[in-house]
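Peer 1: Structure incoming, see below.
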């Protein structure tokens, strides 16, 4: 089992990165420290880790506001904290935004990954006990029909600017391993859900809109299929990969929970009705079909046999339980939702961390 003294987590103020930090700092097997590097775009929220900061202080949790495209800033952090592992979450990740503004996705997801790889290569320079883990998406594989699954050796066929930028970054990571011998692992995951998810994403958007009595927008006829993975299960998968995964290997991480978008929204309405003691029909009436987005992939589905067989990972939260946990978290944390959605959050960032 590999052990690390200092793990740099890029994008740790985001949804998955923040849940990963909270998860591994709670593990007895990890005695090191986390350096959270995040530039704090609209989806990055250090308030999501307020409890972590209070519990661990600067001895085990350090936040650094920095852009992964800024080589000087990354080099300083690598030097100052003697980083021996990088877990790279930081990315522009919303498909709709990539369609209408692809530039940020190329510069962050491709150029940012290149900058991190080069900094790691320079600082580690053949030293033992180092690792660069790259977190990616199942969307790099393209779109499936009604049957079949994505495997680790499925040819890449990205369909959106977002998935194309993530595919490019995956290739860079593999190339740095093959050409320079940089120790790397990779993971490609399905759609995550759970606490602290930014409200523009499907599940938290539906929860927020339903509670406000606003329309629940569903693309097309809602026939698109996604595989849903509870975010804490994803965090545990990454922990196992960085601890015991084979160097140079890629691991698919899926929830094995396939749902058509329309069926997912209906299930959410049912859970919301139970947890708020309101009528299910009250929420179902809000469902509104809207024009489909350009190039909308039909279906994603992951085969994750490799990580199960090699690393003993499996999902611990089934979809019904996960949805209820998620809905209850948002009901109990409306103040967080309002902070994220309001101008108060942006002003707080400027006051405490300055401008970008």
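Rule-based calculations on the coordinates, nothing more; no lab input. Fair warning: this is a prediction, and the values are worked out from it, not measured in the lab. Glycine gets a Cβ as well: all are built from the backbone with ideal geometry, and neighbour counts include every protein chain shown.
Peer 1: For the chain, what is the calculated [θ] at 222 nm in deg cm²/dmol (nearest 500), taking -39500 (n - 2.57) for each run of four or more DSSP H residues and dividing by its residue count?
Peer 2: My calculation for the chain gives -13500 deg cm²/dmol from helical runs alone.
Peer 1: Right, here's the next one. Can you give me the three principal axis dimensions of the stretch 156-225 from its C-alpha atoms, in Å, biggest first?
Peer 2: Its Cα atoms span 55, 27, 17 Å along the three principal axes.
Peer 1: So how much slack lies between residue 156 and residue 320, counting 0.36 nm per residue of separation and subtracting their Cα-Cα distance, in nm?
Peer 2: Numbers: separation 164, 0.36 × 164 = 59.04 nm, distance 3.14 nm.
That pair, residue 156 and residue 320, stretches by 55.9 nm at full extension.
Peer 1: May I ask what percent, to the nearest 5, of DSSP beta bridges between residues of the stretch 184-303 are antiparallel?
Peer 2: 20 percent
Peer 1: With a/c under 1.5 counting as rounded, go ahead and sort the stretch 218-260 into rounded, prolate or oblate using the C-alpha gyration tensor (a ≥ b ≥ c being the square roots of the eigenvalues; past the cut-off, prolate if a/b is larger than b/c, else oblate).
Peer 2: In terms of gyration-tensor shape, prolate.
Peer 1: Sort the stretch 3-94 into rounded, prolate or oblate with this rule: let a ≥ b ≥ c be the square roots of the eigenvalues of the Cα gyration tensor; rounded if a/c is under 1.5, and if a/c is not under 1.5, prolate when a/b is larger than b/c, oblate otherwise. Let's see the in-between values first.
Peer 2: Numbers: a/c = 1.64, a/b = 1.13, b/c = 1.45.
It comes out oblate by the Cα gyration axes.
Peer 1: On a C-alpha basis, how far is the centre of the stretch 1-53 from the centre of the stretch 165-228 in Å? Whole number, if you could?
Peer 2: Comparing the Cα centres of the stretch 1-53 and the stretch 165-228, I get a distance of 18 Å.
Peer 1: If each of residue 171 and residue 303 carries a label point 7 Å out from its Cα toward its Cβ, how far apart are those two points in nm?
Peer 2: 2.4 nm
Peer 1: Still on this model: With a point put 7 Å past each Cα toward its Cβ, work out how far residue 270 is from residue 328 in nm, to one decimal.
Peer 2: 1.8 nm
Peer 1: Apply the Debye scattering formula to the stretch 1-154, with a single equal point scatterer on each alpha-carbon and no solvent, then give log10 I(q)/I(0) at q = 0.08, 0.10, 0.13, 0.15 Å⁻¹.
Peer 2: Taking Cα atoms of the stretch 1-154 as identical point scatterers yields -0.25, -0.38, -0.64, -0.83.
Peer 1: Looking at the chain from every direction and averaging, what is the projected area of its Cα convex hull in nm²?
Peer 2: Values: hull surface 67.7 nm².
Value for the chain: 16.9 nm².
Peer 1: Which shape class, rounded, prolate or oblate, goes with the stretch 191-243 when its Cα gyration tensor gives a ≥ b ≥ c as root eigenvalues, a/c under 1.5 marks rounded, and past that a/b bigger than b/c marks prolate?
Peer 2: It comes out oblate by the Cα gyration axes.
Peer 1: Fully extended, how many nm does the chain gain between residue 72 and residue 310 (0.36 nm per residue separation, minus their Cα-Cα distance)?
Peer 2: 81.9 nm
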